[in-house]
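Reviewing the structure listed below.
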Amino acid sequence: MTVTLTPQDIALLRERVERAQTTGVAIPKLTDDYPDMTIDDGYAVQMALRQSYLSQGQRQVGWKAGLTSKAKMEQMGVSVPSIGFLTHTMARPENSAISVKGLIHPRVECEVAFVMARELSGPSVGRAEVLEATDYILPAIEIIDSRFSGFKFDLESVVADNGSSALFVGGGRARRTTDVDPRTLGVVMEINGEIVAMGASAAVMGHPADAVALLVQILHGLGETLPAGSLVLSGGITAALPVTPGDHVIARFQDLGDVSIRFVE
Ligand code: OOG
Ligand code: MG
């Protein structure tokens with residue numbers, strides 16, 4: 001860990017990000033004011049943010065990996081994956097109407113979600129251990145929303161902003177990884193009946209379980225583990241697409257079924 005920020009600066013940046021997240025008012029990326037901040041500084045801010053939300057009564061339900069596919073890395077101009085935490089207030093039911101109130105510029109991504117049967121920890125967890133520890137996988141839509149103006153950021157800033165986490169929706173059909181191969185699942189995303197993106201799960205680091213393994217390794221560096229029962233989003237397969245009220249989004253996954261949501265004012 002190379003934390004260079006003072007505890008005071010971490011507290012100040014946590015407060016700045018938390019206000020942007022809760023008011024839905026965009027802020028400049030943090031590196032504009034702190035050009036020397038490191039990725040570990042970003043995680044220090046993210047961990048302070050997590051602590052703040054947990055102390056306010058939010059329950060953590062899992063973690064997400066992000067920037068794990070080429071499409072996402074190219075779209076955001078960042079070439080290193082990152083992680084963020086997920087709490088119960090971010091979960092929305094499938095087939096529900098999702099209000100964009102409080103969101104700045106929401107975008108949708110289709111992802112394979114993992115639910116863990118066993119805890120994973122350590123610096124060298126790999127694909128086989130992830131698959132072995134997985135209870136089941138299910139299809140998900142993540143609604144991301146960068147708190148930075150113009151959805152423009154660098155890795156340091158986006159890590160502090162909890163990986164742009166906003167909302168997520170799991171659904172479809174849960175399947176065991178012994179029954180379907182999580183590596184070769186096709187997905188088609190439709191907005192208002194039009195196909196807007198398509199891909200296959202292998203786009204996520206060659207195998208989405210590898211993104212979960214990387215997440216466990218990053219957690220290890222932060223002194224954390226991935227608890228049993230966690231929901232893990234393994235990262236957008238295709239580029240993220242902007243949504244506005246009135247939009248109807250369906251992610252159609254091979255073998256895992258569909259996840260459908262609607263956006264309203
Ligand atoms: C960062 C979050 C990336 C994913 O699935 O790649 C992410 C961003 O693009 O704003 O959630
Ligand atoms: Mg995502």
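Bear in mind that the values in this text are calculations on the coordinates, not laboratory data. Just so you know, these numbers come straight off a predicted model, no measurement behind them. Backbone-built Cβ (ideal geometry, glycine too); neighbour counts: all protein chains shown.
Assign one of three labels to the stretch 99-193, namely rounded, prolate or oblate, based on the Cα gyration tensor with a ≥ b ≥ c the square roots of its eigenvalues; rounded applies when a/c is under 1.5, prolate when it is not and a/b is larger than b/c, and oblate otherwise. It is oblate, given that a/c is not under 1.5 and a/b is not larger than b/c. Label-to-label distance, Arg173 versus Val3, with points set 7 angstrom from Cα along the beta-carbon direction: 4.6 nm.
Rounded to the nearest Hz, the phi-derived 3J(HN,Hα) couplings of the stretch 182-187 under the Karplus curve 6.51 cos²θ - 1.76 cosθ + 1.60 (θ = phi - 60°) are x, 7, 10, 8, x, 9, where x marks glycine and proline.
Sorting Leu12, Leu86 from the fewest to the most surrounding beta carbons within 10 angstrom yields Leu12, Leu86. The largest-to-smallest principal axis extents of the Cα set in the stretch 12-149 are 43, 39, 35 Å. Compactness of the stretch 67-109 was expressed as the Cα radius of gyration divided by 2.2 N^0.38 Å, which yields 1.45. Its Cα gyration tensor gives the stretch 68-153 an equivalent ellipsoid; the semi-axes, largest first and in whole Å, are 26, 19, 12. Taking the charge dipole of the chain about its Cα centre, with +1 at Lys and Arg Cβ atoms and -1 at Asp and Glu Cβ atoms, the residue from Ala166, Gly223, Gly122 reaching farthest to the positive side is Ala166.
By the equivalent-ellipsoid construction on the alpha carbon gyration tensor, the chain comes out with semi-axes of 27, 22, 16 Å, ordered largest to smallest. Among 93-101, 150-158, the peptide with the highest mean count of other Cβ atoms within 10 Å heads the list, and the full ranking is 150-158, 93-101. Quotient of the Cα radius of gyration of the stretch 146-265 and 2.2 N^0.38 Å, N being its number of residues: 1.16.
Projected onto planes of every orientation and averaged, the convex hull of the alpha-carbon atoms in the stretch 138-213 covers 6.6 nm². Comparing Gly102, Phe153, Pro139 along the charge dipole axis of the stretch 81-156, the residue lying farthest to the positive side is Gly102, per the Cβ-charge model.
List the residues of the stretch 133-149 whose backbone N lies under 16 Å from a point placed 7 Å from the Cα of Thr23 along the Cα-to-Cβ direction. Those under the cut-off are 147-149. Counting beta carbons within 10 Å around each of Lys29, Lys64 and listing the fewest first gives the order Lys29, Lys64. Translational diffusion coefficient of the stretch 216-265 (Stokes-Einstein, Kirkwood radius from Cα pairs, 20 °C, 1.002 mPa s): 151 µm²/s.
Evaluated with a Cβ-only charge set (Lys, Arg +1; Asp, Glu -1), the chain carries a dipole of roughly 420 debye about its Cα centre, given to the nearest 20.
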